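Quick notes on the structure that follows.
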Amino acid sequence: MIAHLVEAASAAAAASGTGGSDPLSWLLDLVQSVDPVLRILLSAVAIFGETSILIGLVVPGDTIVLVSSTATANLAEYLGLLVAVIVGSLGGESIGFLLGRLFGPRLRHSRLGRRIGEKNWMRAERYLERRGGPAVFLSRFLPVLHSLVPVTVGTSEMSYRRFLAWTTPACVLWAGAYVTVGWLAAGSYRELSAQLHWAGYLFVAVIVVFVIVVAVVKKLIERAERRHLGD
């Protein structure tokens, strides 16, 4: 996932610091060579998949969005990618809500539901019962729960309007963070690479710090919500 991106970027930065060609610039240019519309659509589909109960536990949507954001060339592309990722995220979560509303417990006891595990289903159910709307918002930043909570909400009495009211700000916050960091990190690198031989290390540092901050925030949220998630 993101760790693989960091490793690849670190290797490229190290190579670029030794002189000769610049692999990091080559990698960024390669991503940027993809048609912007296609790149934005792929990001939307990836995040739709990550937030969907159907494939949300295996699709590295965060990595795809971050990589795509490094190719953003202007404000119009940035806004297009941001909106697409938000819409994709909301779409995936809405599908989860709809599946929960239509199939309810049958989905939980299906082959897919059994693969997810009864423990995870009970955890999502318990969290929603104890926290209500805030569980919808915070689950966007918690592993596994970000795919299960929308389905669980669909089986509950919470309305779709209330569900959207809680999940939309979370999706906007998540998308804004990933798209903005990738855009600014890559843009800064392109501006500085011709003047500073260590610009590649600066790019990697920004990505690494972002990944660490994301991991720490998730841990802090999980720790703060532990009593609502436990038995």
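Read-outs: derived from the displayed coordinates by stated rules, not from any lab. Since this is a predicted model, take the numbers as computed values, not measurements. Cβ coordinates were reconstructed from backbone atoms using ideal geometry, including for glycine residues, and neighbour counts include every protein chain displayed.
Listed values, structure above:
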item: Stretchable slack from H197 to H109, in nm (0.36 nm times residue separation minus alpha-carbon distance); result: 26.0 nm
item: Order of S193, S33 under a 10 Å beta carbon neighbour criterion, fewest first; result: S33, S193
item: Segments 40-49, 104-113, 74-83 sorted - mean Cβ within 10 Å per residue, highest first; result: 40-49, 74-83, 104-113
item: Whole-number percent relative contact order across the stretch 96-193, with pairs defined as alpha carbons under 8 Å at least 6 apart; result: 35
item: Summed side-chain charge close to V153 - residues other than V153 whose Cβ falls under 13 Å, Lys, Arg +1, Asp, Glu -1; result: +1
item: Residue order, fewest to most beta carbons within 10 Å, for T167, T70; result: T70, T167
item: ³J(HN,Hα), Karplus 6.51/-1.76/1.60, whole Hz, each residue of the stretch 160-170, x for Gly, Pro; result: 5, 4, 5, 4, 5, 4, 8, 7, 4, x, 5
item: Relative contact order for the chain, counting Cα pairs under 8 Å that sit 6 or more residues apart, in percent; result: 26
item: Rounded Å value of the spacing that divides the Cα centres of the stretch 25-46 and the stretch 182-224; result: 19
item: Gap separating the Cα centres of the stretch 109-140 and the stretch 60-95, nearest whole Å; result: 25
item: Kirkwood-type radius of the chain, with distances r between different C-alpha atoms, in Å; result: 18.6
item: Rounded to 10°, Cα long-axis angle of helix 36-50 versus longest principal axis of the chain; result: 40
item: 3J(HN,Hα) from dihedral phi, the stretch 193-202, Karplus parametrisation 6.51/-1.76/1.60, rounded to Hz, x for glycine, proline; result: 4, 6, 10, 10, 6, 9, 4, x, 5, 5
item: Under Karplus coefficients 6.51, -1.76 and 1.60, residue-wise ³J(HN,Hα) of the stretch 220-226 in Hz, glycine/proline x; result: 5, 5, 5, 5, 5, 9, 4
item: Angle in degrees between helix 2-16 and the longest Cα principal axis of the chain, rounded to the nearest 10; result: 0
